[in-house]
Each structure stands twice: as structure tokens, then as C-alpha cells.
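Peer 1: First, the structure itself, so that you have it in front of you.
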Amino acid sequence: MSALTPKTRAEIQRQRDRYPQARSAVLPSLWAVQHQLGYLSPEGMSEVAELLRLTPSEVEAVASFYSMYFDHPGGRHHVLVCVNVSCALRGAEEIVSHLERRLGCPSGGTTEDGAFTWEQTVECLGACGGAPAMQVDNHFQENLTPERVDAILDGVRGDAAPEGPQLRPRSSAAPGAS
Ligand code: FES
């Protein structure tokens, strides 16, 4: 039995047909799976491999390389907080402490209402000029303060999970702007 819906399978086939080489469609295909399931299950990745005529290990190698793909179920929204040097010097520790209190779970955890999974990362997000910074559903949020974090979280808490890759331009504007 298929782990993927006909819609997701059709999307993967559509992506495959866009490229001369099927392996070029791995990233968008994984997005389609994650959008349906909320994460990349082994069964979902196997179906991607089958549809793209690749081996499961080839698909898993791509999936495990990128931090925006999840290997276990999480909340509807994903919060990734940078604690690398620039952010650390500009208050990342306070942001992390605030998130722990506000969301009621440690880094790597999911809120009781299933709205958020959050984690801190020592990998620079590439937004040092706006430190301290985080990503919410892959959308950059910069110059964070506890108050700004609250406004950002309140702005998305009730929303459905985002569809597809959230590749929006970096922003240091007010919460909700993009
Ligand atoms: S150190 Fe945090 S974005 Fe670069």
C-alpha cells in the first residue's frame, strides 16, 4: 500500500518530468512528501526512489544532508534558532531561554498543542548581519528580542503547516512582513 496520496505521487511525477535527469527532482519530491506527511518517512522516501528510478540510499543521502527535511514527525511550524558566534554575542542565549519558557519544551521538542517544533543550531544561518536570528518555516527572522519572538510566534501559531519550500527573501522587517 502506498504511503503517499495520488496527489503527492502525481506531484513527484510532475517534478520528474520537468528535468532531463530524474535525480534533479529529488529535492522538490522530498518537499512534496514532507508536505503530505509532515516529515520524511522511510516509506515515503522509498516511493520517491521508485518514482525517480533511484535507489533508496540515494534519496536518503540527499534527505539527510539538508536540515530542512525532518526524519520524524514534528509540529506544524518549525523554528530554528542560531546560537553561533554572531548570534551568541548579540543575545541568542536569551532568545533560547525565552523559547524554552514560552514553548514549554527544550530544544528539539514539540509544543503540547502541536503548533511548533523548535531547536537551536550551532550552524550559522547566514544571517549574521541581523543577529540574533532564527528561521520560522525557513523564513528568516532577524534582530530578535523576546517581544519580537512572541509576536512572530503569535502570528503563525494558528496557521496550517506551510506548503512546499518557504524560500522567501531574508527580512528584518516587522513580524509578518515578508
Ligand atoms: S551566527 Fe547566527 S546567523 Fe550567523
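Peer 1: Give me the compactness ratio for the chain, meaning the Cα radius of gyration over 2.2 N^0.38 Å.
Peer 2: That works out to 1.10 for the chain.
Peer 1: Taking only Cα atoms, what is the 0 to 90° angle, nearest 10, from helix 26-37's long axis to the longest principal axis of the chain?
Peer 2: 70
Peer 1: Along the Cα→Cβ direction, 7 angstrom out, place labels at Cys105 and Arg148. What is the inter-label distance in nm?
Peer 2: Here the answer is 2.6 nm between the modelled labels.
Peer 1: About the Cα centre of region 6-65, what is the dipole size in debye to 20, counting +1 per Lys and Arg Cβ and -1 per Asp and Glu Cβ, all else neutral?
Peer 2: Dipole of region 6-65, to the nearest 20 debye: 260 debye.
Peer 1: Turning to a different aspect of this structure: What does the charge dipole of region 77-156 about its Cα centre add up to, to the nearest 20 debye, if the Cβ of each Lys and Arg holds +1 and the Cβ of each Asp and Glu holds -1?
Peer 2: So the dipole magnitude of region 77-156 works out to roughly 180 debye.
Peer 1: Further question on the same structure: Just to confirm the number: angle between the C-alpha axis of helix 92-103 and the first principal axis of the chain, 0 to 90 degrees, nearest 10?
Peer 2: Orientation of helix 92-103: about 70 degrees from the principal axis.
Peer 1: Considering only Pro42, Ala22, Ala133, whose Cα is most displaced toward the positive end of the charge dipole of the chain, charges sitting on Cβ of Lys, Arg (+1) and Asp, Glu (-1)?
Peer 2: After comparing all options, I get Ala22.
Peer 1: Please tell me the relative contact order of region 87-142 in percent, rounded to the nearest whole number, where contacts are Cα pairs under 8 Å and at least six residues apart.
Peer 2: Relative contact order here is 29 percent.
Taken together, the values in this text are just the output of simple stated rules run on the coordinates, not laboratory data. The model shown is predicted, which means the values in this text are computed figures rather than measured ones. Cβ sites come from the backbone with ideal geometry, for glycine too, and all protein chains shown count toward neighbours.
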